[in-house]
Amino acid sequence: MRTAIVGLLLVASAAAREPPLVSVDVGHYAAEPGATSARGRPELEFNRELAALVRDALQARGMRVVLIGADGDMAVLSRRTAAARGADLFLSVHHDSVQPHYLEEWVHDGEAQRFSDRFAGYSLFVSRRNPELGASLACAAAIGAAMRGAGFVPSLYHAEPIPGESKPFADRANGVHYYDNLVVLHTATQAAVLFEAGVIVNRAEELTLREPATRARMADAVADGVRSCLVSRRRL
């Protein structure tokens, strides 16, 4: 019996020393590529680029990473969280739009496109239906704080009391909202955060988000926030 207990303690100790595992989810898929930017580019393309950089930044900080949905074929959202089982954090990477009544029309490269320059900035979401709400909030707040420290600003407009929004603040200063019914947040078995990197229907912000330097700075901020959160949790 004593030998068995010692063996279990050794296994637990080894697991505690293993680097954190983060599942980075590429939001949307080929058949439903998400929002369309002010210049006609699908959100999925933005998500793929940033998620890959977030993966690289996390790995550079010593964490293990599983990239989910990068092939654009994972249409069943619950399959994403199933693929993330065993991870310390599920992080879904997206880019944002606005409610339809805010959109206007312009012509870019001879094509009619829709835009809104009214809102800009990042947003973070957690679900109160997630079994690890406290950890989800801690990680979302840490990412938001790191984003602000890197010079990014939260959008805040998702809390507007209008149809399609009304997402209450969980942490206003860091741009964190509750969004209880998002499938990838409430079906995750671990802490889960959805990250909206910026508003791609905003013409100026779209151009900024397409700059390699901006994406790299954002990926570093996200990775710093994740590392801060997961290291703090392991010290508890």
Could you check the simple spin-label distance between Q99 and R17, using points 7 Å along Cα→Cβ, in nm with one decimal? 5.5
Please identify every one of the trypsin sites (Lys or Arg not before Pro) in the range 150-236 that sits in a loop by DSSP and has no more than 13 other beta carbons within 10 Å of its own beta carbon. R172
Highest to lowest packing among 173-180, 118-125, scored as the average C-beta count within 10 Å: 118-125, 173-180
Using a 1.4 Å probe, what is the accessible area per residue for the range 89-236, in Å²? 43
Given a Förster distance of 41 Å, report the FRET efficiency between L207 and R129 from their Cβ-Cβ distance, rounded to the nearest 0.05. 0.65
Counting only DSSP loop positions in the range 45-106, the trypsin sites (Lys or Arg not before Pro) whose Cβ has at most 11 other Cβ atoms within 10 Å are R85
For the range 64-154, Kirkwood radius (reciprocal of mean inverse C-alpha pair distance, Å): 16.3
Which residue fluctuates most in the GNM of the chain (Cα springs below 10 Å): L58, L103, L50? L103
Convex hull over the Cα atoms of the range 102-236, averaged projected area in nm²? 9.1
Total charge of the residues flanking A219 in space, meaning their Cβ is under 9 Å from its Cβ, with Lys and Arg +1 and Asp and Glu -1, is +1
With the chain treated as a Gaussian network of Cα nodes joined by springs under 10 Å, which of D117, D220, D96 yields the largest mean-square fluctuation? D117
Give me the Kirkwood hydrodynamic radius of the chain in Å, from all C-alpha pairs, to one decimal place? 18.3
Summing +1 for each Lys or Arg and -1 for each Asp or Glu, what net charge is found among the other residues whose Cβ lies under 13 Å from the Cβ of Y29? -3
Total formal charge among the other residues, if their Cβ is under 10 angstrom from that of S123, Lys/Arg +1 and Asp/Glu -1: -1
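The values are calculated or read from the model by the stated rules, or taken from the named source; none is laboratory data. This is a predicted model, so every value here is computed, not measured. Neighbour counts run over all protein chains shown; Cβ positions are idealised from the backbone, glycine included. These area figures cover heavy atoms from the full protein model, side chains too; ligands, DNA and RNA do not enter into them. Shrake-Rupley method; radii C 1.70, N 1.55, O 1.52, S 1.80 Å.
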